[in-house]
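Worksheet: one structure, shown below.
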Amino acid sequence: MADLERLTVTLPSDMVAAVKSAVTAGDYASASELVREAISEWKTKRYAQAQEFEALKADIDKGLADVAEGRTKDFDAESIIARGRKLLANRSDSA
């Protein structure tokens, strides 16, 4: 870590107790280490959520383009339900 900057954070007492407990138990060398890991995990989660959102948006855009180009099928709820039941039955049989 090349550049470090001090940051003061106010936490509720239950969170402070959890941080202190983790440090005392030896899970982390310091409260700062725990916070750095928590922020790193948060950043990773946010990145994954952004990727999922972009993939969903691309799927929606593709679907809208398919509709605009007339690449659609009639909606048949009964066949979808039957297919779902068959998939569920196969999953239950192999479990």
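The values are calculated or read from the model by the stated rules, or taken from the named source; none is laboratory data. Note that the structure is a prediction, hence the values are computed from the model and not measured. We place every Cβ from the backbone using ideal geometry, glycine too, and count neighbours over all the protein chains shown. Keep in mind that these areas ignore ligands, DNA and RNA; they rest on the heavy atoms of the full protein, side chains included. Shrake-Rupley method; radii C 1.70, N 1.55, O 1.52, S 1.80 Å.
Label sites at Ala48 and Ala25, each approximated as a point 7 angstrom past Cα along Cα to Cβ, lie 2.1 nm apart.
Only DSSP H runs of four or more residues enter the estimate; each adds -39500 (n - 2.57), and after division by the residues of the chain the mean residue ellipticity at 222 nm equals -25000 deg cm²/dmol.
Phi angles across segment 64-74 convert, under the Karplus curve 6.51 cos²θ - 1.76 cosθ + 1.60 with θ = phi - 60°, into 3J(HN,Hα) values of 5, 5, 4, 4, 4, 8, x, 8, 9, 10, 5 Hz, Gly and Pro given as x.
What FRET efficiency comes out for the pair Glu37/Lys62, r = Cβ-Cβ distance, R0 = 41 Å, nearest 0.05?
Numbers: r = 38 Å, r/R0 = 0.92.
The pair Glu37/Lys62 has a calculated efficiency of 0.65.
In the chain, the portion of solvent-accessible area held by carbon and sulfur atoms comes to 56 percent [1.4 Å probe, whole percent, DNA, RNA and ligands not counted].
Between the helical axis of 13-24 and the longest alpha-carbon principal axis of the chain there is an angle of about 70 degrees.
Values [x] 13.5; [y] 11.2; [z] 6.8 are given for comparison; mean projected area of the Cα convex hull in nm², derived from the coordinates here, is the one labelled [x].
When you filter the chymotrypsin sites (Phe, Trp or Tyr not before Pro) in segment 6-95 for DSSP loop state and at most 10 other Cβ atoms inside 10 Å of their Cβ, you are left with Phe75.
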